[in-house]
Structures are given as C-alpha cells and as structure tokens.
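Presented below is the structure to which this report refers.
The values are calculated or read from the model by the stated rules, or taken from the named source; none is laboratory data. Remember, it's a predicted structure, so these values are computed and weren't measured experimentally. Here the Cβ is made from the backbone with ideal geometry for all residues, glycine too, and neighbour counts use every protein chain on show. Ligands, DNA and RNA are excluded from the accessible area calculation, which covers all protein heavy atoms including side chains. Shrake-Rupley method; radii C 1.70, N 1.55, O 1.52, S 1.80 Å.
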Amino acid sequence: LVSLVAIRNSGGRQEVLLLKRTQSLAGEWCQIAGSIEEGETAWQAALRELDEEAGLRPIALYSADTCEQFYEADRDAITIAPVFVALIDSAAEVVLNHEHSEFLWVGFDEAIEMVAFGGQRRVLSWIENEFIKRSPSKHLLIEG
C-alpha cells in the first residue's frame, strides 16, 4: 500500500486534495492511496494511483520521509504505507474514477478536520511542517 498527498498553490494558499470514497471507507474524505502492483516500486504505484484516482500528473514527486500506519482488524495486521507528496499545477483538472464521488482542494487546517483517522492527521501535519513551512530536502525529490 502507498499513500500520496497532492498539494497545490492556489493564489498563495497551499491546498490539499481530498477525495470522498464510494467503496471501502465509503463517505470518508481521504488522500490518494492504493496497492503496489507486481513489478512496481512504491513511488511508481503512487504516481499510477494519482493518475487513476484523480487523473493528475505531478510537477514534482517527493518521498514524504514518513509512513502512515494503521491496524486492520479483518486481516489482524498492521499496515505500514510509505507516503509521497505530489506537487500539482494549480490549473490541472481533477478527473475522478469510480472509487470517489467528490473532491475538494482545502487548506491543511480544514483537511486535518475532515479526515477520519489520527494517522491521516499526523501525515497531513507532517507534510505541512516539512513541505510547506520549510522547503523539503532536495534528497527527497524522486526523479523518475
């Protein structure tokens, strides 16, 4: 599994893309997420999921230098997913797939209030601190 937070600069305000899920976690607002397919790296899966779920291609892709982790009772397992950050052009149009019914670009404070899980809130806070309030390390940039 991978997790990706898409952000854009809109009129000087940094915004996060949230998608409203229709299948698992139906009705919840989430960032981009999905499984790694055979033969893919985690960052390649993140790019594919961004394209599949929102029809977007990033200006730049970064490792967020953190992971999202959560317990799944049905599997009795802890999932640890690497997190990526995609910088999106403010003019790019979102095209949702069947997994989502709506999308919103919102500020970090609003996004943190909208998501359902503490792990999501921790990831969003981390990204705001490490990618918005300061410039990310050039070593986190993924050149693919």
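Quick look at the numbers
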{"read-out": "Only listed residue being in contact with a helix residue (DSSP H, G or I) (Cβ under 6 Å, 6 or more places away or on another chain) and either outside any strand (DSSP E or B) or open to solvent by less than 80 Å² (accessible area, probe 1.4 Å) (or both), chosen from I112, I127", "value": "I112"}
{"read-out": "Answer from A73, A92 - the residue that is farther than 17 Å from F117 by Cβ and over 12 Å from the mean Cα position of the chain (by Cα)", "value": "A92"}
{"read-out": "So G34, is it closer than 18 Å to W105 by Cβ and either modelled with pLDDT of 95 or more or in contact with a helix residue (DSSP H, G or I) (Cβ under 7 Å, 6 or more places away or on another chain) (or both)", "value": "no"}
{"read-out": "Filtered residue count, the stretch 81-109, keeping only those that are farther than 19 Å from A26 by Cβ, out of contact with any helix residue (DSSP H, G or I) (no Cβ under 8 Å at 6 or more places or on another chain) and open to solvent by 20 Å² or more (accessible area, probe 1.4 Å)", "value": "8"}
{"read-out": "Filter pass, R134 being surrounded by fewer than 16 Cβ atoms within 10 Å (Cβ to Cβ), under 14 Å from the mean Cα position of the chain (by Cα) and farther than 12 Å from L4 by Cα", "value": "no"}
{"read-out": "Selection status of I7, open to solvent by 70 Å² or more (accessible area, probe 1.4 Å) and assigned to a strand (DSSP E or B)", "value": "no"}
{"read-out": "Subset of the stretch 15-28 (residues that are at pLDDT 95 or above and hydrophobic (A, V, I, L, M, F, W, C))", "value": "V16, L17, L18, L19"}
{"read-out": "Leading residue by the ranking (most open to solvent (accessible area, probe 1.4 Å)) among those in the stretch 52-80 that are assigned to a loop (DSSP other than H, G, I, E, B) and within 27 Å of A92 (Cβ to Cβ)", "value": "R57"}
{"read-out": "Evaluation of A92 against (1) aliphatic (A, V, I, L, M); (2) outside any strand (DSSP E or B); (3) modelled with pLDDT under 95 (one fails), failing number", "value": "(3)"}
{"read-out": "Among residues of the stretch 38-51, those that are farther than 23 Å from S125 by Cβ and open to solvent by less than 30 Å² (accessible area, probe 1.4 Å), counted", "value": "1"}
{"read-out": "Checklist (1) within 20 Å of P136 (Cα to Cα); (2) among the hydroxyl-bearing types (S, T, Y); (3) open to solvent by 10 Å² or more (accessible area, probe 1.4 Å) applied to S35, failing item", "value": "(1)"}
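Yes or no, residue by residue, for (1) more than 25 Å from N129 (Cα to Cα); (2) among the polar types (S, T, N, Q):
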position	(1), (2)
S3	no, yes
G12	no, no
I32	no, no
E38	yes, no
Q44	no, yes
V83	no, no
E93	yes, no
L104	no, no
